[in-house]
1. Hey, with R₀ at 30 Å, roughly what FRET efficiency would L66 and R32 work out to, going by the Cβ-Cβ distance, to 0.05?
2. Over the Cα atoms of the chain, how large are the radius of gyration and the largest Cα-Cα distance (Dmax), in Å?
3. Suppose only helical runs count, i.e. DSSP H with n ≥ 4. What mean residue ellipticity at 222 nm does that imply for the chain under -39500 (n - 2.57) per run, divided by all residues and rounded to the nearest 500 deg cm²/dmol?
4. Any chance you could run the full-extension gain for A104 through L46? It's 0.36 nm times the residue separation minus the Cα-Cα distance, nm to one decimal.
5. Could you give me the percent of Cα pairs per 10 Å distance bin for segment 55-112, shortest bin first, beginning at zero and ending with the bin that holds the maximum distance?
6. Each label point is 7 Å from the Cα along the Cα-to-Cβ direction; what then is the distance between the points at A15 and Y53, in nm?
7. What nm value, rounded to one decimal, do you get for the distance between I73 and A112 when each label is placed 7 Å out toward the C-beta?
Amino acid sequence: MNQSCYGLGGKAGDAYFTYFCTCRLVETLKQRTHGSVFDTITRDTLSGVVTVYPEKSVISAFEGLLAPVMERIRENLKQAQTLATLRDTLLPRLISGALRLPEAEALVEKIA
């Protein structure tokens, strides 16, 4: 995308396989960086890395197994953010007495 920002895409149209393979390569890529002011990963850095690339059917099977797990993680993160927002909104008001428990329960019911 530019000299310090790269986009990687899977050849098999995958969403997760390329991501997890790249995560495993990060330490190797860090060791091969160039630059005097800041470390840079270049096309030469990427071309010097060897990876195993299975057949598309294996990648598709991997994607099929992993997609529901990743979706569940995403939903859990969204739910955790919602709960944190509720906590940050309600707790100070409960502690200060500005909000009583029945009022808080009504607010939670309204939001949910």
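1. On the way: r = 28 Å, r/R0 = 0.94.
With R0 = 30 Å, the Cβ-Cβ based efficiency is 0.60.
2. Using the Cα atoms of the chain, the pair Rg, Dmax is 22.9, 63 Å.
3. Details: 4 runs with 72 residues, N = 112.
Calculated from helices alone, the mean residue ellipticity at 222 nm is -22000 deg cm²/dmol.
4. Details: separation 58, 0.36 × 58 = 20.88 nm, distance 5.40 nm.
In short, 15.5 nm is gained.
5. For segment 55-112, the pair-distance distribution reads 20, 30, 18, 14, 11, 6, 0.
6. Distance between the two pseudo-spin positions: 2.2 nm.
7. Placing both labels 7 Å along Cα→Cβ, they lie 2.8 nm apart.
Read-outs throughout are calculated quantities, based only on the coordinates presented, and are distinct from any laboratory measurement. No experiment lies behind these values; they were computed from the predicted model shown. Positions of Cβ are generated from backbone atoms using ideal geometry, with glycine treated the same way; all protein chains shown enter the neighbour counts.
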